Amino acid sequence: MEVRATNNSLLEWSGDGLAVGLFEDATEITGDLATLDQKFASVVKELITEEEFKGKLGSTIVTRIGAGSPVRKIILVGLGKADTFKIETLRRAAATVARLAKKQKCKTLGISLPIANHNPTATAQAIAEGVQLALYQDIRFKSEPEEKPTQVESVDLLGLAGTEEAIARATQITSGVILARQLVAAPANSLTPITMAETAQAIANESGLQLEILEQADCEKLGMGAFLGVAQASEIPPKFIHLTYKPTGTPRKKVAIVGKGLTFDSGGLNIKGAGSGIETMKIDMGGAAATLGAAKAIGQIKPDVEVHFISAVTENMISGRAMHPGDILTASNGKTIEVNNTDAEGRLTLADALVYADKLGVEAIVDLATLTGACVIALGEDIAGLFTQNDDLAKQLETAAEAAGEKIWRMPMEERYFEGLKSGIADMKNTGPRAGGSITASLFLKQFVKETPAWAHLDVAGPVWADKENGVNNPGATGYGVRTLVNWVLS
């Protein structure tokens, strides 16, 4: 599919489907749309009246135009109230239109939406992102597609000539989001630590990034006892992935992104029981997926920031070699951890990954992890929890997420709650009381970042997967976090 910027107006465009956005309670057609309606014998006005179209956010109506018309179908999409109109409205409206155009068997689509914030560049990028993400379909594991619908082959953004770079940027970012979706959606017999490392190698080859893969022996030499404790039950060897993007000149800043990479989580000897969603635990590498997706995008965009992409990748399995509840592990910074729950394994892998990142001399670290069900209970399935004690980094991530259309909410890091992690025989336990579970998890991670001036943890357990259509996301893997991370690096 090709997305193009054009200066054509509603009156000049021809093709299968023409989509126009209208604000709520302002559906009296004016300007070019009114002129177009006269050419179409008032079919648009009649459609609005007959369908009682009010322009509510996300609502749509469609009608066929008579024979001989340069436009086969007209699509109207509601933009909600004008005083709440923003960039994310455009992204979602474009996604809605794209899905409907595909359903209506439109090979060519023209989109006419208002410019947000007097910024045609951001407008074009948001529309292009919405279209491309909505039309992505993962059929890799089907022997034959269930249906072969007409595909949207070209999309013209009307009145947005000169925004070609913004559209190209959207394509670069969505390629990273789609990679993250593919990684999260892939089953555990397809996506393993080995294939994750192969994916990192492909990214490095494609964009000239540096890649270092630490094998199990390398991790042993570095004393990564927490990570290797989780990995020891699996028949598949662990892989510690370190991708590095370096700009051609002196970097303006050096940062690290760390993603939790559990390609499958059985719970270990604290096995996940019935109703626990064990069959969905292929998604437990959602943080690593976002990390690699961001690496793919950043490698194409090539900003003036040095970025380290890190993930300690393994399975959490059950065997005669599995770590036991009650075992004591020693992380690479010397901290000892009493394992009181083998199903709290992600924070153990992150512990050694954060110590590694902390030694790189970066100015900020952001980690992402499908870490706790407690965060889903607190914030629901659409919002990630943001944990940091650095106000500047919190603001940067909040701004980046808002521009990306990805929701985050800053959560407290109540130091007193660390009392619940204290152990009688080790420096700490890996889980605390049930209350405040996402907070104690973030306090656990904090013990492994000492040198880096700014660190933030994003608990993305909810938004990496959607059970139903949600904004630009189709049901399934969402690729959550990639757009926020890229925006953060670029800003």
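The values are calculated or read from the model by the stated rules, or taken from the named source; none is laboratory data. What you are looking at is a predicted structure, and each value in this text was computed from that prediction instead of being measured. Ideal geometry is used to build each Cβ from the backbone, glycine not excepted, and the neighbour counts take in all protein chains shown. When the accessible area is computed, the model is the full protein with side chains, heavy atoms only, and any ligands, DNA or RNA have been set aside. Shrake-Rupley method; radii C 1.70, N 1.55, O 1.52, S 1.80 Å.
Data for the structure
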item: Matching residues, the stretch 230-248, being touching a helix residue (DSSP H, G or I) at 6+ places or on another chain (Cβ under 6 Å) and crowded, with 19+ Cβ neighbours inside 10 Å; result: Val230, Pro238, Lys239, Phe240, Ile241, Leu243, Tyr245
item: Near pairs, Cβ below 7 angstrom, 6+ apart or cross-chain, from the stretch 463-483 (part of a loop (DSSP other than H, G, I, E, B)) to any residue that is among the polar types (S, T, N, Q); result: Pro463/Thr478; Val464/Thr370; Val464/Thr478
item: Check on Phe444, closer than 23 Å to Ile257 by Cβ and either open to solvent by less than 50 Å² (accessible area, probe 1.4 Å) or assigned to a helix (DSSP H, G or I) (or both); result: yes
item: Residue among Ile383, Ile425, Ile439 that alone is touching a residue at least 24 places away in the same chain (Cβ under 8 Å), within 25 Å of Ala134 (Cβ to Cβ) and either touching a Phe, Trp or Tyr at 6+ places or on another chain (Cβ under 7 Å) or open to solvent by 50 Å² or more (accessible area, probe 1.4 Å) (or both); result: Ile383
item: Hey, Glu2 out of contact with any Ser or Thr (no Cβ under 8 Å at 6 or more places or on another chain) and acidic (Asp, Glu) or not; result: no
item: Every residue from the stretch 353-391 that is under 12 Å from Ala456 (Cα atoms) and out of contact with any strand residue (DSSP E or B) (no Cβ under 7 Å at 6 or more places or on another chain); result: Gln389, Asp391
item: Restricting the stretch 97-133 to residues that are buried (at least 24 other Cβ atoms within 10 Å of the Cβ) and touching a Ser or Thr at 6+ places or on another chain (Cβ under 6 Å), the residue that is farthest from Thr399 (Cα to Cα); result: Gln132
item: All positions within the stretch 12-53 that are within 24 Å of Ala166 (Cβ to Cβ) and assigned to a loop (DSSP other than H, G, I, E, B); result: Glu12, Trp13, Phe23
item: The stretch 269-327, subset among the β-branched types (Val, Ile, Thr), over 21 Å from Gln216 (Cβ atoms) and open to solvent by less than 40 Å² (accessible area, probe 1.4 Å), residue farthest from the chain's Cα centre (by Cα); result: Val305
item: Evaluation of Ala401 against (1) over 28 Å from Ile241 (Cβ atoms); (2) surrounded by 16 or more Cβ atoms within 10 Å (Cβ to Cβ); (3) in contact (Cβ under 8 Å) with a residue 24 or more places away in the chain (one fails), failing number; result: (1)
item: Failed criterion for Asn7 (all others in (1) over 21 Å from Gln132 (Cα atoms); (2) touching a Gly at 6+ places or on another chain (Cβ under 7 Å); (3) not β-branched (Val, Ile, Thr) hold); result: (1)
item: Residues that are open to solvent by 50 Å² or more (accessible area, probe 1.4 Å) and closer than 19 Å to Ala93 by Cα, drawn from the stretch 53-70; result: Lys54, Lys56, Leu57, Thr60
item: Residue list for the stretch 249-268, restricted to those being open to solvent by 20 Å² or more (accessible area, probe 1.4 Å), at pLDDT 95 or above and part of a loop (DSSP other than H, G, I, E, B); result: Thr250, Pro251, Arg252
item: Within the stretch 116-166, considering residues that are closer than 22 Å to Val71 by Cβ and assigned to a loop (DSSP other than H, G, I, E, B), the one modelled with the lowest pLDDT; result: Pro149
item: Positions within the stretch 199-210 being open to solvent by 10 Å² or more (accessible area, probe 1.4 Å) and within 17 Å of Gly287 (Cα to Cα), in sequence order; result: Thr199
item: Qualifying residue in the stretch 451-468 (condition: acidic (Asp, Glu), under 25 Å from Asn390 (Cα atoms), at pLDDT 95 or above and buried (at least 23 other Cβ atoms within 10 Å of the Cβ)); result: yes
item: Yes/no for Ile213 being among the β-branched types (Val, Ile, Thr), open to solvent by 40 Å² or more (accessible area, probe 1.4 Å) and not in a helix (DSSP H, G or I); result: yes
item: Qualifying residue in the stretch 353-370 (condition: among the charged types (D, E, K, R), open to solvent by less than 10 Å² (accessible area, probe 1.4 Å) and at pLDDT 95 or above); result: yes
item: Residues located in the stretch 138-194, provided they are within 25 Å of the chain's Cα centre (by Cα), without any contact (Cβ under 8 Å) to a residue 60 or more places away in the chain and open to solvent by 40 Å² or more (accessible area, probe 1.4 Å); result: Ile139, Arg140, Phe141, Lys142, Glu165, Ala168, Asn189, Ser190, Ile194
item: Some residue of the stretch 447-469 being more than 13 Å from the chain's Cα centre (by Cα) and closer than 17 Å to Glu88 by Cα; result: yes
item: Some residue of the stretch 69-76 being in a loop (DSSP other than H, G, I, E, B), at pLDDT 95 or above and farther than 26 Å from Ala180 by Cβ; result: no
item: Residues (more than 8 Å from the chain's Cα centre (by Cα), within 20 Å of Ala186 (Cβ to Cβ) and surrounded by 24 or more Cβ atoms within 10 Å (Cβ to Cβ)) located in the stretch 474-491; result: Ala477
item: Out of Ala204, Ala197, Ala226, sole residue that is of a type in the set (A, V, I, L, M) and out of contact with any Leu (no Cβ under 8 Å at 6 or more places or on another chain); result: Ala197
